[in-house]
Amino acid sequence: MQRLLYILLFAAFLSCTNNGGNSSYDYSGEEMTAIPEDQIEKLDSENGTDVNVNENIERKLIKDGRVEFETNDLSETRKIILDAAKKYNAYVSSEQEYKYSEKINITLVLRVPAEKFDLLLQESIQGVKRFDNKEVHVMDVTEEFLDIQARLKTKKELEYRYLALLKQAKNVSDILEIEEKMGQLRSDIESIEGRMKYLQSQVRFSTLTVSFYETVPNSVSFGNKFKYGFKNGWENLIWFFVGLINIWPFIIIIAVSVWGLIVYRRNRREKKKSS
């Protein structure tokens, strides 16, 4: 009987302890006579408190690859890469084509699910024997990801507690001060959430940049140089006339001065002859 009494007393103690621990989060809207003056400052000082996060989380890796090589058929190579992208649920983030005097280059930037990155890479470069450039980078952002999660959790809990204080506020000054703190906190939360979404996107989709080019024959290259030379000469001639138009007052002044000098010398020679 005495043992049973001890057990009941211990259970009652635990119940009181649990209720006391949860009392600070019981925001049922019940009115209070006053808010302790140090509560707002205390909550403000808790902004940014570290939170322990489970370390047994899968690694967050951002994979990025780039290859560059020469091909004999730009259209066929492009088709092979786009077919592979479609096969592995990738999409083209950007496509650029450059024409140089000696080659034509196409660059495709692909976004592919991380687990299919290697498959897309292998299929995109099939048959390529020599690479001008081939590199794959893997960046571990697990630590940053955990830090962001912890900061976000802390700031959301703090926002929840500010909301509770706002319900208890009795005067305008308390309300304005709490709302100002909440506005700053909400801005921080949105910034952290934006960074987290960016990391999640980079982890979920890897980036593969494939750049390939076709060499242009020398005869065509010479023809392009001649064409560009003629075009540049014509443009330079136009700019020459534009420059003359901009300085036409100075041209008139110089022309009048030269004409006056010629007339003066001619009159002077005639006077010498007559004398």
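The values are calculated or read from the model by the stated rules, or taken from the named source; none is laboratory data. As the structure is a prediction and not an experimental result, all values here were calculated from the model. Note that we place each Cβ from the backbone using ideal geometry, even for glycine, and neighbour counts take in every protein chain shown. Note: accessible area is taken over every heavy atom of the protein model, side chains too, but ligands, DNA and RNA are not part of it. Shrake-Rupley method; radii C 1.70, N 1.55, O 1.52, S 1.80 Å.
Odds and ends about this structure:
- Among the protein heavy atoms, those of residue 234 account for about 150 Å² of accessible surface (1.4 Å probe, every chain in place).
- Label point distance in nm, residue 128-residue 95, each placed 7 Å from Cα along Cα→Cβ: 1.7
- Full extension of the segment from residue 76 to residue 186, taken as 0.36 nm per residue of separation minus the current Cα-Cα distance, would add 34.4 nm.
- Heavy atoms of residue 118: accessible area, 1.4 Å probe, square angstrom to 10: 80
- Accessible area ranking (1.4 Å probe, heavy atoms, ligands and nucleic acids excluded), largest first, for 102, 95: 102, 95.
- Cross-link pairs beyond the 30 Å C-alpha cut-off, checked among 116/197; 99/197; 103/231; 60/153; 86/155; 60/134: 99/197; 86/155
- Centre separation in Å (Cα based) which lies between region 130-156 and region 60-111: 25
- Global form of region 123-275, assessed from the alpha-carbon gyration tensor, a/c cut-off 1.5: oblate
- Estimated FRET transfer efficiency (residue 270, residue 237; beta-carbon r; R0 41 Å; 0.05): 0.45
- Probe 1.4 Å - accessible area at residue 66, Å² to nearest ten: 80
- Heavy-atom accessible area with a 1.4 Å probe sorts 142, 215, largest first, into 215, 142.
- Theoretical FRET efficiency, 1/(1+(r/R0)^6), r = Cβ-Cβ of residue 176 and residue 196, R0 30 Å, to 0.05: 0.45
- Surface share of carbon and sulfur [accessible, 1.4 angstrom probe, percent] for region 127-275: 60
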